[in-house]
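*Asks:* Here it is, the structure, as structure tokens.
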Amino acid sequence: MTRSAVVPNHIAIVMDGNGRWASMRFLPRLAGHKQGVSSLKRCVKACAQRGVSILSVFAFSSENWQRPADEVSGLMDLLASAIGSEVPQLERDGVRLYFVGNRSDLSQNVVKGLEKAEAATAHNSRLVLNVCFNYGGRWDIAQAAQALCTQGVPITEASLGAALALAHVPDPDLFIRTGGEQRISNFLLWQAAYSEMYFSDDLWPEFDESSLDRAIEAYGRRERRFGKVSSQLRVSEASQASRAD
Ligand code: FPP
């Protein structure tokens with residue numbers, strides 16, 4: 001990666017393509033998900049090395065319950081075993097873990113594991129890793145609206161945003177989807193309003209450091225206008241630079 005690359009503060013990733021990666025090798029889909037965990041570990045390390053502060057990944061969607069029962073139970077077991085094997089290293093690497101999603105459908109054992117992992121890494125601040133599990137953007141907006149209604153709080157952009165499950169982090173700057181598909185699939189519907197979208201043909205298990213660098217470089221070439229026009233951005237950049245002098 002070039003030294004001058006603009007590094008996004010928050011990257012969100014739809015880790016798609018595990019099943020196809022496995023099928024191409026005549027392996028069961030779960031082997032692809034296991035390889036997906038290895039790819040996630042590599043990505044966490046690479047993000048931390050490049051100065052990314054927050055990484056949010058879509059590990060299990062509200063809709064994934066509709067997959068074959070053995071794949072669903074395999075993903076639940078994979079979550080539990082990944083927590084068991086990876087948390088000590090994540091803790092040493094300065095990663096703070098958050099599990100984001102609806103916990104009410106998860107088993108008591110899985111929920112205890114998530115809570116333990118969050119507590120074990122709560123003192124870390126090098127990289128925040130949000131593992132979105134049993135998460136859906138629509139679920140998130142609905143639960144936030146319900147919570148505000150129950151508390152009698154008027155619904156505004158600010159109050160709703162603060163009640164969302166990812167309120168502990170700013171919105172993603174860069175939204176990556178691997179696996180060649182170009183859709184959001186109910187991930188971070190609210191938070192991705194101004195994220196830069198990047199679609200990679202790499203299947204998730206193949207997404208490596210150079211794939212990440214290509215995504216970051218593409219991000220650096222984008223002009224983020226947030227509803228303004230280019231000339232306004234140049235004026236505000238110039239005034240920021242003169243204040244810094
Ligand atoms: C989508 O690929 C991937 C998932 C539904 C699961 C993502 C999970 C991981 C990357 C492993 C990390 C998981 C945990 C539990 C920490 P797909 O299965 O839809 O792939 P396909 O489109 O090729 O079928």
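*Asks:* Out of the residues in segment 1-27 that are more than 8 Å from the ligand (Cβ to nearest atom) and open to solvent by 90 Å² or more (accessible area, probe 1.4 Å), which is farthest from ASP171 (Cα to Cα)?
*Replies:* Looking at residues that are more than 8 Å from the ligand (Cβ to nearest atom) and open to solvent by 90 Å² or more (accessible area, probe 1.4 Å), I get PHE26.
*Asks:* Here's a follow-up. Please go through segment 174-190 and give me each residue that is under 21 Å from ASP208 (Cα atoms) and either within 11 Å of the ligand (Cβ to nearest atom) or not in a loop (DSSP other than H, G, I, E, B) (or both), ordered by number.
*Replies:* Scanning segment 174-190 gives LEU174, PHE175, ILE176, ARG177, THR178, GLY179, GLY180, GLU181.
So that you can scan it fast, the table gives a plain yes or no per residue for (1) within 11 Å of the ligand (Cβ to nearest atom); (2) among the hydroxyl-bearing types (Ser, Thr, Tyr); (3) assigned to a helix (DSSP H, G or I); (4) touching a helix residue (DSSP H, G or I) at 6+ places or on another chain (Cβ under 6 Å):
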site: LYS45; (1), (2), (3), (4): no, no, yes, no
site: GLN49; (1), (2), (3), (4): no, no, yes, no
site: VAL52; (1), (2), (3), (4): no, no, no, no
site: SER56; (1), (2), (3), (4): no, yes, no, no
site: ASN64; (1), (2), (3), (4): yes, no, yes, no
site: ASP70; (1), (2), (3), (4): no, no, yes, no
site: ASP77; (1), (2), (3), (4): yes, no, yes, no
site: GLU86; (1), (2), (3), (4): yes, no, yes, no
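*Asks:* Moving on to the next point. Which one of GLU157, GLU91 is of a type in the set (D, E, K, R), surrounded by fewer than 18 Cβ atoms within 10 Å (Cβ to Cβ) and within 20 Å of CYS43 (Cα to Cα)?
*Replies:* GLU91
*Asks:* On the basis of being assigned to a loop (DSSP other than H, G, I, E, B) and without any contact (Cβ under 8 Å) to a residue 40 or more places away in the chain, does ALA193 make the cut?
*Replies:* No, not satisfied.
*Asks:* Does any residue in segment 13-39 that is under 22 Å from LEU212 (Cβ atoms) come within less than 8 Å, Cβ to Cβ, of a residue that is charged (D, E, K, R) and assigned to a strand (DSSP E or B) six or more places away or on a different chain, and which pairs are these?
*Replies:* Between residues of segment 13-39 that are under 22 Å from LEU212 (Cβ atoms) and residues that are charged (D, E, K, R) and assigned to a strand (DSSP E or B), the close pairs are ILE13/ARG177; VAL14/ARG177; ASP16/ARG177.
*Asks:* What pairs come out if I take residues in segment 84-112 that are among the basic types (Lys, Arg) and pair them with residues that are surrounded by fewer than 18 Cβ atoms within 10 Å (Cβ to Cβ) whose C-beta lies under 7 Å away, six or more apart or interchain?
*Replies:* Every condition considered, the pairs that remain are ARG96/ALA122; ARG96/ASN124; ARG96/SER125; ARG103/VAL111.
*Asks:* Next up: Hey, any hits in segment 128-145 for a residue that's free of Cβ contacts under 8 Å to residues at least 40 places away in the same chain, touching a strand residue (DSSP E or B) at 6+ places or on another chain (Cβ under 9 Å) and among the hydroxyl-bearing types (Ser, Thr, Tyr)?
*Replies:* No, there is no match, as no residue in segment 128-145 is free of Cβ contacts under 8 Å to residues at least 40 places away in the same chain, touching a strand residue (DSSP E or B) at 6+ places or on another chain (Cβ under 9 Å) and among the hydroxyl-bearing types (Ser, Thr, Tyr).
*Asks:* Cβ-Cβ distance below 8 Å, separation of 6 or more or different chains: which pairs start in segment 202-225 with a residue that is farther than 17 Å from ARG177 by Cβ and end on one that is within 14 Å of the ligand (Cβ to nearest atom)?
*Replies:* Partner pairs satisfying both residue conditions: GLU209/ARG42.
*Asks:* Let me ask you something else. When you scan segment 196-223, how many residues do you find that are open to solvent by 20 Å² or more (accessible area, probe 1.4 Å), in contact with a helix residue (DSSP H, G or I) (Cβ under 7 Å, 6 or more places away or on another chain) and either of a type in the set (S, T, N, Q) or not in a helix (DSSP H, G or I) (or both)?
*Replies:* Number satisfying all stated conditions: 5.
*Asks:* Looking at PHE60 and the list (1) part of a helix (DSSP H, G or I); (2) open to solvent by less than 20 Å² (accessible area, probe 1.4 Å); (3) near the ligand (Cβ under 10 Å from one of its atoms), which single condition is not satisfied?
*Replies:* So PHE60 meets the others, but not (1).
*Asks:* Give the residue that is surrounded by the most Cβ atoms within 10 Å (Cβ to Cβ), with candidates limited to residues of segment 121-150 that are over 21 Å from ALA163 (Cβ atoms) and away from the ligand (no atom under 16 Å from the Cβ).
*Replies:* The residue in question is ASN124.
*Asks:* So GLU181 passes all but one of these: (1) of a type outside the set (Gly, Ala, Ser); (2) out of contact with any helix residue (DSSP H, G or I) (no Cβ under 8 Å at 6 or more places or on another chain); (3) crowded, with 22+ Cβ neighbours inside 10 Å. Which condition number does it fail?
*Replies:* Here GLU181 meets the rest and fails (3).
The values are calculated or read from the model by the stated rules, or taken from the named source; none is laboratory data. Only a predicted model underlies this, so the values are computations on that prediction, with no experimental measurement involved. Please note: Cβ atoms are built from the backbone with ideal geometry, for glycine as well, and neighbour counts cover all protein chains shown. Remember, those area values only see protein heavy atoms, side chains included, never the ligands or the DNA or RNA. Shrake-Rupley method; radii C 1.70, N 1.55, O 1.52, S 1.80 Å.
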